[in-house]
Amino acid sequence: LRLLKQPDCLKMALLDPLMAKISSVAVAERLLPHLKQKLQIQPDHVGGYYLTGILVHQYRQQPSVALRFWRKGMGLGFAQGLSLEGSLLFCRAIFAVNPEDSYRIMTRIVGDPKHPPTATALFQKAEQIFGIGSLCWQLLTTAWEFRRWQMIWGGMQPMQTKIDTIAAKFRQGDSIKSV
């Protein structure tokens with residue numbers, strides 16, 4: 001579990017080799033106490049929550065328990081400025097148990113006012129993590145499009161107010177010069 005000593009261990013390049021080594025319930029059961037101990041010692045370790053959730057879901061078939069670990073980890077991740085890749089990994093894991101929660105997280109990722117992802121970065125990572133055309137990919141695309149339209153509409157709001165005023169004056173037969 002040297003992986004957990006790295007500050008940002010939620011990277012596919014680091015996780016894939018570890019997950020390949022966890023090939024049985026017995027191996028997962030040996031790792032779980034170490035992960036839980038890590039979380040007791042360091043309760044703000046986002047990667048610990050992610051990995052514990054993965055093992056509990058895949059090897060103990062306890063989706064509700066896994067979801068609690070992932071929700072806690074994702075909450076900490078938002079507070080700590082978790083990387084885009086780490087956030088999308090949480091989305092993928094949560095999607096398997098609760099697609100609505102996953103979508104809520106995606107909308108938060110694309111709407112982050114402090115660190116909004118660029119379309120290029122977002123979709124490159126999403127392609128790598130979800131795969132093009134997957135349901136997660138489609139949800140993320142939908143969240144991105146909704147956010148884009150909200151931004152466009154937000155920019156048009158002042159103009160819409162002026163248009164509404166002009167339309168009202170026009171309906172009343174007043175001169176639009178006074179607008």
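The values are calculated or read from the model by the stated rules, or taken from the named source; none is laboratory data. Everything numeric in this text was worked out from a predicted model, so none of it was measured. Backbone-built Cβ (ideal geometry, glycine too); neighbour counts: all protein chains shown. Side chains are part of the model used for accessible areas, which takes the heavy atoms of the whole protein and leaves out ligands, DNA and RNA. Shrake-Rupley method; radii C 1.70, N 1.55, O 1.52, S 1.80 Å.
I'd like the residue in region 21-77 that is among the polar types (S, T, N, Q) and under 24 Å from the mean Cα position of the chain (by Cα) and, out of all such residues, is farthest from ILE94 (Cα to Cα). Applying the filter and picking the extreme gives GLN42. Restricting attention to region 63-108, the residues that are polar (S, T, N, Q), part of a helix (DSSP H, G or I) and either in contact (Cβ under 8 Å) with a residue 60 or more places away in the chain or open to solvent by less than 20 Å² (accessible area, probe 1.4 Å) (or both) add up to 2. Of all residues in region 20-47, those satisfying the criterion of being part of a loop (DSSP other than H, G, I, E, B) and open to solvent by less than 30 Å² (accessible area, probe 1.4 Å) are ILE22, HIS45.
Specify the residue that is modelled with the highest pLDDT; the eligible residues are those in region 109-128 that are in a loop (DSSP other than H, G, I, E, B) and loosely packed, with under 12 Cβ neighbours inside 10 Å. It comes out as THR118.
Among the residues making up region 78-113, those that are more than 17 Å from VAL46 (Cβ to Cβ), more than 12 Å from the chain's Cα centre (by Cα) and not aliphatic (A, V, I, L, M) are ASN98, PRO113. Could you run through region 129-148 and say how many residues are open to solvent by 80 Å² or more (accessible area, probe 1.4 Å) and either outside any helix (DSSP H, G or I) or under 15 Å from ARG108 (Cα atoms) (or both)? Of the residues in that region, 3 qualify.
With respect to LEU10, determine if the residue is open to solvent by less than 30 Å² (accessible area, probe 1.4 Å), in contact (Cβ under 8 Å) with a residue 40 or more places away in the chain and part of a loop (DSSP other than H, G, I, E, B). Against the criterion (open to solvent by less than 30 Å² (accessible area, probe 1.4 Å), in contact (Cβ under 8 Å) with a residue 40 or more places away in the chain and part of a loop (DSSP other than H, G, I, E, B)), LEU10 qualifies.
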